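Just below is one structure, and these are the notes that go with it.
The values are calculated or read from the model by the stated rules, or taken from the named source; none is laboratory data. Quantities reported herein were computed from a predicted structural model and do not represent experimental measurements. Here the Cβ positions follow ideal geometry from the backbone for every residue, glycine too, while neighbour counts run over all protein chains shown. The protein model used for the area step is the full one, side chains on, heavy atoms only, and it has no ligands, DNA or RNA in it. Shrake-Rupley method; radii C 1.70, N 1.55, O 1.52, S 1.80 Å.
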Number of protein chains: 2
Amino acid sequence: MKTGTPRAKRRFKDDVYAALARVPAAIANPHRLELLELLGQRPRTVADVAGEAGLSIANASQHLQVLAKCGLVEVERHGTFAFYRTTSVTVYRLLQSLHEVANQHDRAIAEVFAKHLGDRDRGIEDWEKARALMRDPRVALLDARPAEEYAAGHLPKAINAPLEGLRSGKVSLPRSKRYIVYCRGPFCTFADDAVAILRERGFDATRLDLGPLEWQAAGRQLSNVG
Amino acid sequence: MKTGTPRAKRRFKDDVYAALARVPAAIANPHRLELLELLGQRPRTVADVAGEAGLSIANASQHLQVLAKCGLVEVERHGTFAFYRTTSVTVYRLLQSLHEVANQHDRAIAEVFAKHLGDRDRGIEDWEKARALMRDPRVALLDARPAEEYAAGHLPKAINAPLEGLRSGKVSLPRSKRYIVYCRGPFCTFADDAVAILRERGFDATRLDLGPLEWQAAGRQLSNVG
DNA sequence: TTCATATTCAAGAGATTTATTGAACAAAGG
DNA sequence: CCTTTGTTCAATAAATCTCTTGAATATGAA
């Protein structure tokens with residue numbers, strides 16, 4: 001009965017799928033998902049991400065070990081500090097796909113996004129368009145992430161304009177330019193906030209719905225200068 | 001202590017990550033992963049996939065409902081039959097990313113693949129190269145999947161050469177041509193088997209490490225003719 | 001109507017995952 | 001040496017997931 005799948009092949013498949021399933025199992029937890037996105041930006045210590053994600057240190061450490069066990073993150077130890085970071089850009093691609101699927105098919109998450117992002121303007125969504133705009137010398141590129149993340153690598157020619165700097169007025173920008181603002185990526189809200197602040201003050205600002213990881217995924221290098 | 005993340009933002013993030021995590025939770029099970037890959041090919045009934053994956057029907061039904069609940073698969077009912085299929089190509093991209101990450105970082109799965117695929121020749125891995133070869137009229141494209149899957153959609157100009165057909169000799173091919181063989185995708189082994197059979201019989205055959213879903217992901221249409 | 005088929009539902013035992021707790025360890029400074 | 005700091009380990013109760021079982025539903029055929 002049925003086309004007899006050879007038993008040996010069954011077993012092989014079982015192994016493959018069991019091994020494969022370990023990765024989604026590792027990211028099937030809200031906290032680990034958050035940690036993974038935090039670590040995608042730059043190496044961070046356990047206490048650091050624990051604080052940002054609202055977890056106890058022991059708990060964060062355990063979650064990080066789960067992520068490390070299937071190769072999603074790796075550790076580098078300096079003294080008593082353990083700096084965790086994602087292992088490669090393929091991890092980011094996985095998260096990206098996850099966002100895509102969730103947004104497309106999960107009504108709940110689409111609602112969550114819709115509710116909190118409101119009817120925000122969609123920004124620029126592809127590199128070609130962004131690069132075309134950037135050729136105009138009257139257009140400047142702003143990086144709305146915190147200074148540390150900017151320092152760890154940013155888009156070429158981007159100027160760091162972290163939110164606190166914008167709010168406090170520490171970052172002062174010429175009013176003659178037009179600004180394109182990016183942050184971590186399409187699902188990060190730093191650039192939205194930055195655009196709102198800038199517009200409030202009469203600047204011409206537009207969001208770029210792409211970030212450094214998309215830039216790398218497109219096969220390009222980040223800059224560390226400036 | 002710490003840069004005070006506003007409480008409202010915390011809550012919002014919790015919602016987002018909780019919603020996001022439902023998708024990996026759904027695919028964090030070997031059986032569901034297998035079902036998802038089976039359904040990626042064409043719509044199939046519960047009993048059908050249950051048989052192929054070695055599950056009881058009730059169990060398969062439950063797993064399928066988990067997948068459906070977060071929008072990874074959808075049902076279409078015809079009489080008493082329930083045909084399940086993946087909802088969109090974004091689901092395939094997610095699985096693709098998963099394979100990439102797992103192969104790259106999970107030693108266990110890399111070993112599983114290495115062990116079972118042996119040191120198989122890497123096939124053709126990009127469409128440009130494949131298309132360049134296909135321009136030669138002495139080269140023919142073979143689809144090594146079962147006839148049903150071929151009928152549901154295949155690459156333009158591909159000839160169906162299912163494994164049973166090749167083994168039994170029902171599919172006879174001119175020896176004057178050179179063959180490029182594909183199947184479901186880079187992680188499917190049908191094409192490997194087909195290439196092995198063909199070479200054993202003196203044909204010039206090469207594997208194409210891409211399939212119909214990669215073809216669609218590249219923005220192209222499948223053919224139903226032939 | 002009755003029967004057979006394809007699927008879904010509901011409940012429960014057994015296994016796994018999660019957050020918490022407090023202890024243990026290891027590096028650096030005094 | 002002792003103390004502090006950052007991290008990891010180990011144990012546990014609570015929650016969740018998994019598979020099986022047997023019943024329930026719903027369609028189509030006789």
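Measuring between their Cα centroids, region A:59-99 and region B:150-195 lie 41 Å from each other. Axis of helix A:30-41 versus longest Cα principal axis of chain A: the two differ by about 50°, to the nearest ten degrees.
Ignoring ligands, DNA and RNA, how much accessible area is buried between chains B and A, both sides summed, with a 1.4 Å probe, to the nearest 100 Å²? Separately minus together, B and A give about 4600 Å² buried. Calculate, in whole percent, how much of the Cα-Cα pair population of the protein assembly as shown lies beyond 29 Å. In whole percent, the share of Cα-Cα pairs in the protein assembly as shown beyond 29 Å is 55. Size descriptors for region A:7-87: radius of gyration and Dmax over Cα atoms are 14.9, 51 Å. Accessible area of B:TRP127 (1.4 Å probe, protein heavy atoms only, ligands and nucleic acids ignored): about 50 Å².
Residue pairs exceeding 23 angstrom between C-alpha atoms, taken from A:LYS157/A:LYS177; B:LYS157/B:LYS177; A:LYS13/B:LYS129: A:LYS13/B:LYS129. For the protein assembly as shown, the share of DSSP beta bridges that are antiparallel, to the nearest 5, is 45%. Each 5 Å bin from zero holds the following percent of Cα-Cα pairs in region B:153-209: 4, 20, 32, 29, 13, 3.
Just checking the listed ones, B:VAL46, B:VAL171, B:VAL195: in the Gaussian network model of chain B with Cα springs under 10 Å, the one fluctuating most is B:VAL171.
Just tell me how shielded A:87-94 is by partners: mean number of partner chain Cβ atoms within 10 Å of each residue's Cβ, no decimals. Numbers along the way, then the final one.
On the way: counts 3, 4, 0, 9, 5, 2, 7, 10.
Per residue, the number of nearby Cβ atoms from other chains is 5 on average.
Sorting B:LEU20, B:LEU222 by solvent-accessible area of protein heavy atoms yields B:LEU222, B:LEU20, largest first, with a 1.4 Å probe.
On a full-extension model of 0.36 nm per residue, what is the gain between A:THR45 and A:ALA151, subtracting their alpha-carbon distance, rounded to one decimal in nm?
Values: separation 106, 0.36 × 106 = 38.16 nm, distance 1.68 nm.
So the extension gain works out to 36.5 nm.
Result for chain A in a Gaussian network model with C-alpha springs under 10 Å: among A:ARG22, A:ARG199, A:ARG131, the largest mean-square fluctuation is at A:ARG131.
Working note: 222 nm ellipticity from helices only, DSSP H runs with n ≥ 4, each -39,500 (n - 2.57), summed and divided by the residues of chain B, gives -15500 deg cm²/dmol to the nearest 500. For a test of the definition: using alpha carbon positions, the gyration tensor, and the 1.5 limit on a/c, classify region B:120-217 as rounded, prolate or oblate. Note, shape of region B:120-217 comes out rounded.
What do you reckon, how do A:ASP48, A:ASP126, A:ASP143 stack up by accessible area (1.4 Å probe), largest on top? Intermediate results must be reported in sequence, preceding the final value.
Numbers: A:ASP48 35, A:ASP126 70, A:ASP143 0 Å².
From most exposed to least exposed: A:ASP126, A:ASP48, A:ASP143.
Nearest 0.05, what FRET efficiency do A:ARG131 and A:GLU74 give at R0 = 30 Å with Cβ-Cβ as r? Walk me through the numbers on the way to the answer.
Details: r = 32 Å, r/R0 = 1.08.
After rounding to 0.05, the efficiency reads 0.40.
What part of the accessible area of the protein assembly as shown, given as a whole %, is carbon or sulfur when the probe is 1.4 angstrom? Working shown, then result.
Working: 11840 of 22540 Å².
So the carbon and sulfur contribution to the accessible surface is 53 percent.
Based on Cα contacts under 8 Å between residues 6+ apart, chain A shows a relative contact order of 15 percent.
So with the 1.4 Å probe, I'd like the accessible area per residue for region B:7-87, rounded to whole Å². Mind dumping the intermediate values first?
Working: 3560 Å² over 81 residues.
Result: 44 Å² of accessible area for each residue.
Give me the Debye-computed log₁₀ of I(q)/I(0) at q = 0.07, 0.12, 0.17 Å⁻¹ for chain B, equal point scatterers on Cα only, no solvent, two decimals. Here log10 of I(q) over I(0) equals -0.28, -0.75, -1.31. Relative to the dominant Cα principal axis of chain A, helix A:107-117 is inclined by about 20°.
Rolling a 1.4 Å probe over the protein chains gives A:HIS63 an accessible area of about 20 Å².
Can you work out the accessible area per residue across region B:120-217, with the rest of the protein chains kept in place, probe 1.4 Å, in square angstrom?
Working: 4770 Å² over 98 residues.
Per-residue accessible area for region B:120-217 comes out at 49 Å².
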